[in-house]
Structure formats: structure tokens, C-alpha cells
Amino acid sequence: FSLIFKDVTYICPFMGMIRGTLTVTNYRLFFKRVEKDSAFVLDVPLGVISRIEKAGGALSRGEVSYVLVCKDIRNLKFAHKQDTQGRTSVFETVMKLAFPVSHNLQVFAYEYGQIYPENGWKVYDPSAEYKRMGLPNESWRMTRINEHYELCDTYPVMLLVPANIPDEDLKRVATFRAKNRIPVSLNMDITRECGQSRSVLSWIHPESQATVVRCSQPMVGANGKRSKDDEKYLQAIMDANAQSHKLFIFDARPSVNAVANKTKGGGFESEDAYQNAELVFLDIHNIHVMRESLRKLKEVVYPNIEESHWLSNLESTHWLEHIKLILAGALRIADKVESGKTSVVIHCSDGWDRTAQLTSLAMLMLDGHYRTVRGFQVLIEKEWLTFGHRFQMRIGHGDKNHSDADRSPVFLQFIDCVWQLTRQFPAAFEFNEFFLITILDHLYSCLFGTFLCNRAAKEDRFLWSYINSHLEEFLNPLYVNYSHHVLYPVVSMRHLELWVGYYIRWNPRMRLQEPIHHCYKELLLKRAELKKKVEELQRELISRSASSSSERAASPTRSVTPVQTFV
Amino acid sequence: MFSVKPPKPTFRCYLPPQQTGIKKPPLTTPKKLEAKLLPGEIVVNEVNFVRKCIASDTSQQDLWGKLVCTNFKISFITDDVMHHVKFQYKSFLLGEHDIPLTCIEQIVTVNDAKRKQKVLISNQKLKFNPTELIIYCKDFRIVRFRFDEAGPESAKKVCLAIAHYSQPADLQLLFGFEYVARVYYNSGNKVNCVDPGGGGLEKKSLCEQTPLFDKPSDWDREIKRTGASEWRVCSINEGYKISPNLSEYFVVPVSLADQDLRQFSQFFTGFRIPLWCWNHSNGSALVRMASIKDVMQQRKLDQRVCAAITRSHPNRSDVYKSDLDKSLPSIQDIQTAFTKLRQASVIDPFEESEERWLSSIENSRWLEYVRCCLKHAAELVYMLEGKRVSVILQEEEDRDLSCLISSLIQVMLDPHFRSIAGFQSLLQKEWVMAGYRFLDRCNHLKKSDKEESPLFLLFLDCVWQLLVQYPAAFEFTETFLTVLGDSLWLSIFSTFLFNCPQQQDEHCREFVKSRSISCGDEKPLRFPPVWDWSQQFSEKDQALFNNPLYVGKSASCVQNGAVKSFKRTKKNYSCTLRGTSSLKNGLLSEPEFMPRRNSLVLRLKADFSHVRDAPDSPSEQFFCEWFSKPADLQGLLLPQLLPSHIKLWKLYFLRWVPEVQINMGGPVTAFHKMSVLADEIEMLQQRLRQYKGVGSLSAGTPEAHQSRMFFRASNLSDSSPMPEYLTSSFPFSPVGNLCKRSILGTPLSKFLGGTKIWISTETLASEAM
């Protein structure tokens, strides 16, 4: 359905007042300028709206104005005449539609029925992915203990765990890890919950057998509780890698925060309890700090950039500093696995925010497969969706409670880090910037169900269907498949940049950021054209030389004058 | 200049360790290490058993050798092999470890035991025996030598010699004079009197294609090329009779007679008559002018000049005057910014300055000045192109900012100046011949720090910004710009050695007289211009200057050596693809208003793609309109000027910082891929020409493929593997080039070997094995 409202003014921060017609559907808000010759339109999915506020300001009499604060780094301000008959404003209608969850309505994706030629569900097949990594093997076995999400409701059904740990032990480990998230490896995450720990494998090094294992914090508590099973479990993870007699445990948090967690029953592994394990804190701040940083960043970049203090303003948001710490953590993990041939266990508090960022970034550095379009989709499926990143909680789809303390740009930060990697290695990724922006846009749009819930469930995977059906638009023409090459980014402020193509894209003065791709594509076209011409000429010359040789036999004095053409 | 170095294990003897961590020199006396000398180069002083420091925190990788001071350079000669060097930039004129004396910024000597440190200046005494010598270079390198095992007296002597020879008392003591006299005028032997720059190849070299604007014919050709029919070449300054710092030939309005000009000249600062720079195809002219000294004459003279310029305009339109002194930072401001930027880039400790990196870049104000220059040039482009009026650049002496602004305007407006030969001719025209004081601004003689200012580098940076924004619009690469910037510090080329052409002529004449060299030429002694790149680099290495994306336009730029008249062509490769990308960033195609339901998929558009309803200024409106259309790379180019558009030129400023080097990454990896494709296209084009020309398949073996590209396609298949030696510093190597004093940190090998941070001790131990 759609509602049409005439005589609405869009107050654009760049071009001033624009009069037009506003169309509202259950999916989006569509604004079109009145004048016929103008192509001005706004097309905003309701899902990006974070809150709607009545705004003051100088308006002509009898007008009301509303600001739509959006999750994609922009604010939209509209004004319209107050209805004399006292009917509700357009924006009260919008409010209802934009926050269906708060009004007991369904999010649009559940009503959207577009069919794509490819089924996005097929993108990620856990057993195929494990098979690619040569798993299970003699050290790691597959368990279906979590088939009915009994072990841990935020873990996938299929888990890889050390071969010598029976399922019964896993259950005990789970009780020692927060939210039952045992360490599982390379994609093995072990849920450790409430005094239980289980780690689950995420990735395994093809040569050294060093593994990336993820889990949640151990439930050590203020009394320094220990779990023999958890200790044995981590030992088993270490033993599964014959190359190293050490295990590194990366705690994503600043050590102060980890200590503070003890009072809430959580904590970190003591090196006394875990022989041969070394614990490293990565100093990445929590979701609240990140949310605040993004808020400041929005102030700095939207709508206008202050000319004289751009860099120091950017610095004061600390956004890039946080990006740096996340990348630095991932780099340390990748280095440990690649150069140190050591298995690593990664956790934060619950193991679904910072842990997901770290494992997926480390895996991007280590394994070229994840740098392809499909591999990246697998990575998101594996490390984010099936391991229970709380998308609904962190984004707040369709929920009007914009000040909810659980919201945080965790996934945005991850994508930003990926973009930073693509900047440093312009030929190492199969996808382009537009691919990353598209994923982020649909993180909020609620058009596809992919990112709608808190754990891998029955939601659709049409985003992958959509992307894979329009692959051409998302490809990096400069891609070189050097899959065996480990990427070591330089994690320094000297190289980190603000992703202007995303954060400043609403500013009309920003233009294309990747002109090189376009130039390169033109060259590709040119090459194809030339190849065709050369082949044509070759054929022509072959046939001509065949005929002329027979002619020459008849009249030997005749010669062929070459045709001079300029290319 | 470039060669890939395979890591070679070297055999060394070590003495039993006395001081821990310090590597000992070889026991055996080193075999004779000889400096490679250029013609005319002599060894002034030398010292053996010197250690060149490679890493800041360990001496394990240091090199043992001999330190030599010549009249041209500091040379370090060693048999040791440097590790971790992935790729090495090599010039014919310099060895791996050499530093030209003109490249020295500061010489610091240190005595550890006495805890003394002294900045050495010529003719000063040094009261202690140095244990260490640190050379701060103009190109941002920092090189350190240790004298722990060297003879204290000889070490001291070498340091003093370096200080002395790097601050020559007279211009003619700069090495170039000796060198040029030897190479081209072998003391009276006329046979060797080759015109520098003449290659003798059938194909015209880049250098020959570059007019030097020292002849009336060069100016004539430029007038014709730009269609400036109302302007003429004026030769009243022949023999520098009017102004000592103007070139002998320049261009003036037709309506002004030589007599008038002679009379005007006395009222202008430096007797500098207003100079024509360039003509727009719409008839507007770009003119530069010094200030009028005589206040009484100011108005009258101003009017006369403006009237003459107006008369040379086809529409007799007005003249717009821009006072550069008032609108731009002063040369001192620019120097200060540069010093701060150097501090932030290479001197501040790396890890500690990370947190404040962005604000320290901002505080230097360098990027602000880059933006300011681009912005001012763009405003004046609007005057010439949009308002179709002639523009006068006025500056006190017309020898600094006018060089920068006039060249920037021309780079934006005229695609000819975006080719290599065109760009070189622009520098020749607006900098060298217009009397930019290279000698003083570079401070080659280290006479006065007050005169020093990196204006030329600021210009290169501005061009780099345009290159980044329009990567396919320029025939050259950022490597070209960097190498050009580095060539400032070689005292061999005429281009960057003098304050004005007159100074060159005078000193050359004197020098010839004092040495009684007979040249048999009306010109006394001719230095080669830097444009003769074969003096420095091999043919193959010069290919790094060529931008692969420029393919397809190069042919139309220069034909038969002469440049076709400059016209705006509508043909534009970029149009089509720009269109398709619109979904990302605005530019909505007309009919797509309310999309059909099945196209619900989000296609985000920018808030608007059109001109503002109420733009701030006419120039703003002009820019907006220009930006709303796809750019014609062979037409006008305008810079994008949001602060977020202006970037730090990392290749230039950070190439020596080991911590910043990305292995197998950086823009060069894209450059590699593009080069290979461009090479394939060239091969196909060549084959096409052959087939068409010969008319048969068999006739003629295919001539060897002459590639413009440094990276070649192996064959016509897609897979050319990326060379392992590529790094973000390519073609430069940070190894041993930025060695700050005793800063604790991660060993250099870690940075260069791959990982960058916080490597645990365990990893280090295993790697050290």
C-alpha cells in the first residue's frame, strides 16, 4: 500500500527548501520534487530511520517540521502545513510504519516476496566450508550436540571440537563459559557460559594446523573459580596443533574491563590454571564507547565538514583509533597463527561482538577464499550469523527505542575495517566498495531478512541472492587471486583513512572514490575490442593470402597494395 | 636505477663481543673500497671502518665500509649486503648509499662519551671527536654513521670536509660546473662538444620534445598552439638589457611597442614587464606581473597594461587582477608548514606520535596550503573559462607564487600540460624562464635559511592531488613527480640550479673564462636540463613515469613532434562508465522516478545532483555545474576541494618510514595490474598496425614490442603474477634511509618482513635464528 502526501517541503542541508510530494509505503519513504524538469528524489527505506522528532526552527506560520534521524549517517528534515482539520501529521503515520516492532507489526522483509534466480541459502554450507579446510580430521571432530540449540542457543548446529573431547565434557565446558559459548575452532567456537566454557573452531591453517578458536569469557567470577573441563578442553585445542606447545588466548577487552567483569561472574583465564597458555588483552573498547564514537563522527561529517579543523575534529571522534585497535588485534591473531604456527583462542565478554570482528578479520588476512564475493558471504554467515551476532539488538530494526543501550555499530566497524584492508591491498579483494556499501545499506533497510534477528534462524538470505544475481556491479576489476598470500596490513594512523565513500556520501560534493576502477574497465573494453579486430584481420588475411597465392600463380606481376588505416 | 636484490647470505667474522649488541668490523683489512667517481669528481677526504646504521635499535644489520666525501657527494662504500631491500631505486649518478652534497639539510655530529652534540656548519671547529654522524637530508632521509672503530682524527676530518663542501662559498663551486665542463667540453677538445640533451636517436626523446623557451621560436610555437594571435614575441631583453631576472624572450600584447615596454619596465619591481603565460581558446589570456614600484605611476601604468590586454582579447573583455600576496600564504608560511610536516612525518617517534597523527598533520597546515592553492587556481580558472575574461596574476616580485598558480591554472585548463613533454615545458616556461629562484629557494649554497621555501614541492603536491582525483588525465605517474622532486637536489642540471637564466649565462661565461675552456659556441657552457632523463635512469626504468591509464590519448597529444592546436574534444572514454556508477552517488537518470515494485532494492542516491537553487557565488555555481557532468579528461579539470579530498602524499613524505611500508600492497599493486593491461593493449595495437600495413600474416617478423610500461604482459593471457618485491614504497626502499637515534621499538626486520606490531618475544626469537 502507499500513502501520498502533497505539498511537503524537504529542507535539504545542501540545497535548501525543496517542495514536493511524499509517498509513504510500508517499506519506504519516497520524496519527489514538484517541478517536472527536476530529477530530485529521495528514496529512504523506513528501516534506516532511527528516530523521528518534531523540530522547531524558523518556519512560516502554520507549518510543522520533523527531523528523521537515520542510521546511515544522515538526517532528513521535512516540513508541511499543519492540517486545519486537526488530522495527524504525515510523520506520525511514518512513525508507525518505521517502527513496526514497537507497534506489533511485522518488519517488511517478512512480506517481501521477490524471487531471485539464485537461492541465498545455498551460499553457506557448513559442511562444505569445513571440508574446504580439510575438516574434520584426526584432531578435530564434528559434533551435532547443538542440533536443537540445547548446548548453546547462539551457536550453530554443527560444531567442530577437539576429537578427544566427548560430548558430555562439552556440556560441562559450556557451563563455564558465558552464555554457554564454548571455544570452537576456526570457526570453532566454544561456548562458555555461566561458568562454562566451550570453544568452537573457526579456521584451521592448511599447513601448520594452527587453529582459530572462538568462545566467550570464562565464568571465573570474583572467587577465581576454575573448571577442570575447560582447562582440559583448551589443552586439547593446543594438543591438536603439533607445531606449537603454546596456546594464545586473546581477550579483546582492555584488561581493566576484563577484571571488572569478574564481579559480574565473568573474567579471564588465569595463566596458573591454563598451563602453556598466554593471555593477551587487545584493548578494544565496548559497544557503548563505539556507539558514542560514531555519534561524534556523524556530527563531524554531516551535513557539512568544517573546513579548518577537519583532521583534528576527526581525531577527536576516536573512530579511526577504534578501527586501528580492532585491526591491530586481528593482525596479531593472524601473525600468531601464520608466523607463530600457534593456535589461538579469542573471546571478549559474550563472544559475539568483538570476537566476531576479530575472528573474521583475522580470517580475511589469512585466507584468500574469504576475499572473494562468495567467500566473504560465507565469512559473514559463519562468523556473524551462525555464531549469533545480535543484529536485532545492535541495530534495533523497527524498534523506536533509539536510545537503547544495546545498540552499537559493531558490524559497521567490521565492514569499515574490511574497507581499510581493501585500501591497502587494492588488488586483493574480489569485491569493490559498492559491495560493502550495499551490505551496510541492507543492514538497515529491512528489505531482506538476512540481518534481522539475533541468531541464524529461518530468515531469508535474499541479500546474497540479490548480490549474486547482479555480480558485475560488485566486482573489483583489479582483483588478482593471490589466495595463498597472507595480508599484513599496516595498522597505523598513517594509513587509516575515513571511509568518505560511506560516511560523507550524502554530501553532493563527494564524487566517485574509485575512478581507477572505471578507467580500468574502459581499458578492458578496449582490449576486448582490439582482440576482436585483430582476430578478424587475422582471419581475413589468412583467407586473402590463400586466394592471392592462387591468383599470383596466374598473374605474378600483380601485387597487393596494403591498405593504410589509422588505428 | 632500479634493480631487484636477491637476499644474499654474507660471510662475516666477528670479534668476541666487547660491547654487547654492537657488531664488530671484519678482522681482515678490507679489500680496497673505491668510490665510483663521475668526471670531474674528486675525493676530498675519507675514513675507513665506518658503520652505516640500518636499524634504530640493533646494530646487527649495520654495514661496514668506507665513508668518502667528494666534491659532489657523500659516498659510503661497502661490500656488505643490505637485507630486506626488496627493490632499489638506482640512478646512474649515485650509488646505493650516496647522498649528493646539495641534498644535505643538516649535519649533526655526536660524541656519546662526552654526551656532546653539534650541528656542523662550514668553517667551524669541532672540539670533540665524533662517534657518530647524522645526516638529515632534504628529501626526508636520515642517515647515520658510527665511527666506533674508525680513526678519530680521520672521522673528524671527514665530518668537517662534508660540512665545508656542502656549503660552497660560491655558485661555481657547485659540482655541476666541473662536471659539465668535463663531460661536454673536454678542455678545448671541440669534438666532444655535444649539445647536452641531444640523443641522436631517430625517435625524438622526451627531452627533445620539451621546448626550453630560451629561443623565440619556442614562444612562437606556443602562441600558435594556443591561438594567441593578438600576442607577440618580444626580444628587447636580449642580452638581459632590460631586466636581469627576466628571460631573453617573452610574449607581450601586440598593441604594445618595444619602445613603450622599455619605458614601462623601469617602474616595475625587478624591471619585470608583464608576461603572457597562456591563452584560452576563448581568447582570454593569463598574464603575470610584478608590482609597480613607483606609486605615482601605478594607476596610469595599470591602466595602460590592462588596456593592452583587453585589446588582445577578441571580445575586448575586462581584465581580472588577482593579488597573490594577499590571497595566499607567504613563502615563509609555506616553509614553516613544510618543516612541521617533516617533523611529523620522519622525525617524531613513530609509535608515540600515532595518537596525534591527524592533528599534527593539520597543525603543520601543509594540506591547508595545498588546498588553498588549488582553490585559488580554480577560482581563476572560472574567470578564464566561465567569465571569459583575461586574468593577471600580480605578486610583488612575480617570481614565487605566480609560478605556482599560473602553472596550476594551465594544468587544469590545458590537457597538453598533462602530458609529460607538455608538463616539462610548462615548468620550463613558468618556473625556469620566469626566474623562479631555485638557487635561493632550495638554498643550495646554504647561505640564507630565510630565503628557503619548498614552493616547487608544494606545486608538485597540488598536481599530485589532481592526479589522484583524475588518475587517467595525466600521462605521468606519481613516481615521475617524486623523482622530479628528488632531482632538485642534484647540482648537475640547469633546471634547478639557478635563480634566473641570466645568472646561468653569467656564471657559465665566468667559469669558462677562468678555466679557459673553449666551447666554440655562442653559448658559453650549457648544462643539461633535468628533462634529459637518460642522464639519470635507464630507458626501462623511465617507463615507471608512464601512466598506464593514459593509454588511448597519448597519440593525439603530440603528433610529429609538434603539438596540435588545443581543442576541447567531446570524445570521452569516461562518460559511459560514470553513468552506470550513478546509483552510488547521485546523478539519477531522468525517467526513474517511482521505481516499480520489483525494483524495491535499495539504490541510494545523494541528496541532490543538481545545482543549488541559491548558490553562494557565481564561481560556486560554475563548479557545481561542472561537477554535475562527467569530466572530460581532455578538457577542463577542476579539483574537488572538501578538506576530506586533500590527502597526504604518502609516496613522497612517508616512503622512507619502514613502519609505513605495506608489503605486496599500496597503490602500486593496482598500478602493476593496470600496466600489464595497458601493455597488452599496446601489443594488440601494434599487431593490428602490422597486419594492416603489411597485408599479410607472414610478411615481416613482428618488430620487438617497444613498451611504454614498466610492468609487461608476459603474453596475451590474463595472468601476470604480481612481483613479490612490490611494496607501498616502491620504487624506493626505506632500508637504511631513515635511521633515527636509539629509539626503542620493534626491529626493522619485522616491519620489512611483514608483520608490523607487537610481535611477541617468542616470535622474535624464532625469527632471529
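The values are calculated or read from the model by the stated rules, or taken from the named source; none is laboratory data. Keep in mind the model is a prediction, meaning the values are calculated, not measured. Cβ atoms come from the backbone with ideal geometry, glycine included; neighbour counts cover every protein chain shown.
Values for this structure:
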| item | result |
| --- | --- |
| Conditions (1) more than 14 Å from every other protein chain (Cβ to nearest Cβ); (2) of a type in the set (D, E, K, R); (3) touching a residue at least 60 places away in the same chain (Cβ under 8 Å); number of the one not met by residue A:295 | (3) |
| Among (1) within 14 Å of another protein chain (Cβ to nearest Cβ); (2) among the polar types (S, T, N, Q); (3) surrounded by 16 or more Cβ atoms within 10 Å (Cβ to Cβ); (4) touching a residue at least 12 places away in the same chain (Cβ under 8 Å) - the single one residue A:276 does not satisfy | (3) |
| Pick from the range A:214-248, criterion within 31 Å of the chain's Cα centre (by Cα) and within 14 Å of chain B (Cβ to nearest Cβ), ranking: surrounded by the fewest Cβ atoms within 10 Å (Cβ to Cβ) | A:248 |
| All strands (runs of 3 or more DSSP E) inside the range B:90-182 with 2 or more residues being of a type in the set (Val, Ile, Thr) and surrounded by 20 or more Cβ atoms within 10 Å (Cβ to Cβ) | B:104-111, B:132-137, B:142-146 |
| Residues satisfying the stated conditions in the range B:324-380, i.e. in a loop (DSSP other than H, G, I, E, B), out of contact with any Lys or Arg (no Cβ under 9 Å at 6 or more places or on another chain) and away from chain A (no Cβ under 12 Å) | B:328, B:330 |
| Test: residue in the range B:430-449 that is aliphatic (A, V, I, L, M), within 15 Å of the chain's Cα centre (by Cα) and crowded, with 24+ Cβ neighbours inside 10 Å | yes |
| Residues of the range A:482-497 satisfying the condition of being facing chain B (nearest Cβ under 9 Å) and closer than 20 Å to residue A:132 by Cβ | A:482, A:485, A:486, A:487 |
| Number of the exception - residue B:450 against (1) in a helix (DSSP H, G or I); (2) at pLDDT 95 or above; (3) not small (Gly, Ala, Ser) | (2) |
| Index of the failed condition, residue A:314 passing every other in (1) over 20 Å from residue A:411 (Cα atoms); (2) surrounded by fewer than 22 Cβ atoms within 10 Å (Cβ to Cβ) | (2) |
| The range B:635-650 residues that are facing chain A (nearest Cβ under 7 Å) and within 15 Å of residue B:366 (Cβ to Cβ), paired with ones that are in a loop (DSSP other than H, G, I, E, B) and of a type in the set (A, V, I, L, M, F, W, C) (beta carbon under 6 Å, 6 or more apart) | B:643/A:305 |
| Failed item, numbered, when residue B:612 is tested on (1) modelled with pLDDT under 90; (2) on the phi > 0 side of the Ramachandran plot | (2) |
| Those residues of the range A:525-567 which are modelled with pLDDT of 85 or more, at the interface with chain B (Cβ under 7 Å from one of its Cβ atoms) and within 30 Å of residue B:630 (Cα to Cα), in sequence order | A:526, A:527, A:530, A:531, A:533 |
| Number of positions in the range A:18-56 that are within 25 Å of residue A:412 (Cα to Cα), away from chain B (no Cβ under 12 Å) and without any contact (Cβ under 8 Å) to a residue 60 or more places away in the chain | 3 |
| Residues of the range A:472-503 satisfying the condition of being free of Cβ contacts under 8 Å to residues at least 40 places away in the same chain and within 22 Å of residue A:413 (Cβ to Cβ) | A:494, A:500 |
| The range B:72-86, subset assigned to a loop (DSSP other than H, G, I, E, B) and touching a strand residue (DSSP E or B) at 6+ places or on another chain (Cβ under 6 Å), residue modelled with the lowest pLDDT | B:86 |
| Residues being among the acidic types (Asp, Glu) and within 36 Å of the chain's Cα centre (by Cα) - total across the range B:254-312 | 1 |
| Test: residue in the range A:512-519 that is free of Cβ contacts under 8 Å to residues at least 40 places away in the same chain and part of a loop (DSSP other than H, G, I, E, B) | yes |
| Residue within the range B:399-418 that is more than 21 Å from the chain's Cα centre (by Cα) and either free of Cβ contacts under 8 Å to residues at least 40 places away in the same chain or more than 14 Å from chain A (Cβ to nearest Cβ) (or both) present | no |
| Test: residue in the range A:391-413 that is part of a strand (DSSP E or B) and either touching a residue at least 24 places away in the same chain (Cβ under 8 Å) or under 17 Å from residue A:437 (Cα atoms) (or both) | no |
| Test: residue A:504 is of a type in the set (Val, Ile, Thr), on the phi < 0 side of the Ramachandran plot and at the interface with chain B (Cβ under 8 Å from one of its Cβ atoms) | yes |
| Positions within the range B:95-116 being hydrophobic (A, V, I, L, M, F, W, C) and in contact (Cβ under 8 Å) with a residue 24 or more places away in the chain, in sequence order | B:99, B:101, B:103, B:104, B:107, B:108, B:110 |
| Criterion (in a helix (DSSP H, G or I) and either surrounded by fewer than 23 Cβ atoms within 10 Å (Cβ to Cβ) or in contact (Cβ under 8 Å) with a residue 12 or more places away in the chain (or both)) met by exactly one of B:494, B:534 | B:534 |
| Hits in the range B:395-433 (condition: among the hydroxyl-bearing types (Ser, Thr, Tyr) and in a loop (DSSP other than H, G, I, E, B)) | B:419 |
| Selected residue [hydrophobic (A, V, I, L, M, F, W, C) and surrounded by fewer than 16 Cβ atoms within 10 Å (Cβ to Cβ)] from B:307, B:290 | B:307 |
| Among (1) within 14 Å of chain B (Cβ to nearest Cβ); (2) surrounded by 24 or more Cβ atoms within 10 Å (Cβ to Cβ); (3) of a type in the set (Lys, Arg), the one test that residue A:382 misses | (1) |
| Hits in the range A:344-362 (condition: in a helix (DSSP H, G or I) and out of contact with any His (no Cβ under 6 Å at 6 or more places or on another chain)) | A:354, A:357, A:358, A:359, A:360, A:361, A:362 |
| Check on residue B:178, in contact (Cβ under 8 Å) with a residue 40 or more places away in the chain, of a type in the set (Asp, Glu) and within 28 Å of residue B:542 (Cα to Cα) | yes |
| Residue that is farthest from the chain's Cα centre (by Cα) [pool: residues in the range B:313-342 that are within 18 Å of residue B:269 (Cβ to Cβ) and surrounded by fewer than 18 Cβ atoms within 10 Å (Cβ to Cβ)] | B:321 |
